[in-house]
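The values are calculated or read from the model by the stated rules, or taken from the named source; none is laboratory data. These figures come from a predicted structure and were not determined experimentally. Virtual Cβ from ideal backbone geometry, glycine too; neighbours counted across all protein chains shown. The accessibility values were calculated without ligands, DNA or RNA, using every heavy atom of the protein model including side chains. Shrake-Rupley method; radii C 1.70, N 1.55, O 1.52, S 1.80 Å.
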Amino acid sequence: MNLIIDPNLAYVLLVSGFVLAVLALFSPGTGVIEIGALFALVAAGYGVATLPTNWWALILLVVGVFPFLLALRRSQQWIYLIISLAALVIGSVFLFRTAEGGPAVNPVLAVLMSASAIGILWIVARRGLEAARMRPSMDLGALVGKIGEAQTDVHSDGSVYVGGEEWSARSDQFIPKGAAVRVIGREGLVLQVEALPPKSQ
């Protein structure tokens, strides 16, 4: 743990842990990112607890996240991004102090890390929000009520052709292959169907 007492390394771990934590929120998955974020933040926390810290700078770092979030939502994005970047750079430079009271983090490192973090988070957050706002290419709810044809025998499982595509299906009653069916519901990507009565001649 002695290496973490180096203020530059502790700062890099803090920023990296924060970036990884945000990435984990936008793209949850294998748990590797989450573990990396936890490790970096715990190691950085040890550095913060051990090194002489300017708490106002740590608060400024945290507050700097809010203009970034506003930049994702508002029209004048660059203003909020500049405010966020300034808060992160200033908070970074003065986060740890030397024995003489001066900033312990290398200013060039602070600028590069803050700009990189803002850039990465901006790209990931924007893409994540755009994906969340996109409507699905097919509204599965619109399939309910549509007429199709059983491609196989359908009961506990089977397949039907509805809306120009083949779907997995199930029915409460046996439906023979080739019979006309109506979609009455769905469970995920599995359609619930019922047989249509044969047309009267």
ask   = Tally time: how many residues in the range 24-48 are at pLDDT 75 or above and open to solvent by 30 Å² or more (accessible area, probe 1.4 Å)?
value = 10
ask   = From the residues in the range 64-89 that are in contact with a helix residue (DSSP H, G or I) (Cβ under 6 Å, 6 or more places away or on another chain) and open to solvent by 40 Å² or more (accessible area, probe 1.4 Å), which one is modelled with the lowest pLDDT?
value = GLN77
task = Only residues in the range 94-110 that are without any contact (Cβ under 8 Å) to a residue 40 or more places away in the chain count as the first member; pair them with residues that are of a type in the set (Phe, Trp, Tyr), Cβ under 8 angstrom, at least 6 apart or cross-chain, and list the lot.
result = PRO103/PHE94; PRO103/PHE96
inquiry  = Just to verify a result, which residue in the range 6-23, among those that are open to solvent by 60 Å² or more (accessible area, probe 1.4 Å) and part of a helix (DSSP H, G or I), is modelled with the lowest pLDDT?
reply    = PHE18
Considering residues of the range 156-201 that are open to solvent by less than 70 Å² (accessible area, probe 1.4 Å) and touching a helix residue (DSSP H, G or I) at 6+ places or on another chain (Cβ under 7 Å) only, the residue nearest to VAL144 (Cα to Cα) = VAL183
inquiry  = Looking at the range 88-97 only, could you name the residues that are assigned to a loop (DSSP other than H, G, I, E, B) and not aliphatic (A, V, I, L, M)?
reply    = PHE94
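Look through the range 159-201, keep the residues that are assigned to a strand (DSSP E or B) and acidic (Asp, Glu), and return whichever of them is modelled with the highest pLDDT.
Looking at the filtered set, the residue picked out is GLU194.
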remark   = Expected single match for open to solvent by less than 90 Å² (accessible area, probe 1.4 Å), modelled with pLDDT of 70 or more and in a strand (DSSP E or B) among GLY141, GLY148, GLY119 is GLY148
task = Output yes when any residue across the range 98-111 is of a type in the set (Ser, Thr, Tyr), out of contact with any Lys or Arg (no Cβ under 8 Å at 6 or more places or on another chain), modelled with pLDDT of 80 or more and in a helix (DSSP H, G or I), and no when none is.
result = no
